[in-house]
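A short reminder: the numbers here are calculations on the coordinates, not readings from a lab. Since the structure is predicted, the reported quantities are computational estimates derived from the model, not experimental observations. Heads up, the Cβs are rebuilt from the backbone with ideal geometry, glycines too, and the neighbour counts pull from every protein chain shown.
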């Protein structure tokens, strides 16, 4: 993670690990959050980033996608470096999941990487309600 020039960084992160699953809940602003494909411990993982509130721009390789509140995106750390630019305050949930566990459950998992899942296709209203109560 690195600060964005011209912005005051705000970082509040909670992080858990449960077996092979990593969970990250964060309130961020004024930062670029990134992971590189050469980090050996994450090479075989899938990352799911869910914008609970706010917006950001995510990139992987040469592909860039804007994300709004309630949208989610999948990344593979083995494919290419990925990053999220979070200039304004936003809240997000990040999950790191083992590829080997997800692959049998999802068809063409590799075809869906770095694709924003619109809020209309996610159960995010229910998740947002849960996180507000926690």
Quote the relative contact order of region 2-99 in percent (integer), defining contacts as alpha-carbon pairs under 8 Å separated by 6+ residues.
-> 37
For 18, 13, ascending order of other Cβ atoms within 10 Å (fewest first) is 18, 13
Length gain on complete extension for the stretch residue 57 to residue 36, per 0.36 nm per residue less the alpha carbon to alpha carbon distance?
-> 5.9 nm
